[in-house]
Amino acid sequence: MSEEKPEILAVHKQKLEIFLRELELWEPLMKGELKCVACGKIITVDNIGIIIPSGENIVFCCSNYECLYKMRKQQESGLQDVDQ
């Protein structure tokens, strides 16, 4: 019995700035303009949990366990747009 395994994409913290600059999100991050889609907390370099493509947007989830759990549950239920 083979179980489908989720694809995990990761960015090492040392490459995070390059990645976010390519997405034009580094400056908003540094200015405190990005917020967790689950709780509204300001996202910082130290509390980024996940970066999620959502339709035409990119949303962030902080590293708080409850927020990560909420995002995982949304993914499991098939919700595509988490920023609504």
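Computed from the coordinates by the stated procedures, all read-outs in this text should not be read as laboratory data. All values derive from a computational prediction rather than experimental measurement.
Quick look at the values:
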| quantity | calculated |
| --- | --- |
| Proximal lysines to K41, defined as alpha-carbon separation beneath 19 angstrom and excluding residues fewer than eight positions away on the same chain | K31, K70 |
| J(HN,Hα) series, the range 31-47, from Karplus relation 6.51 cos²θ - 1.76 cosθ + 1.60, nearest Hz, glycine and proline x | 8, x, 8, 9, 10, 5, 5, 8, 10, x, 5, 5, 7, 10, 4, 7, 10 |
| Phi-based couplings in Hz for the range 12-26 (Karplus 6.51, -1.76, 1.60; Gly and Pro marked x) | 5, 3, 5, 9, 4, 4, 4, 4, 6, 5, 4, 8, 6, 10, 5 |
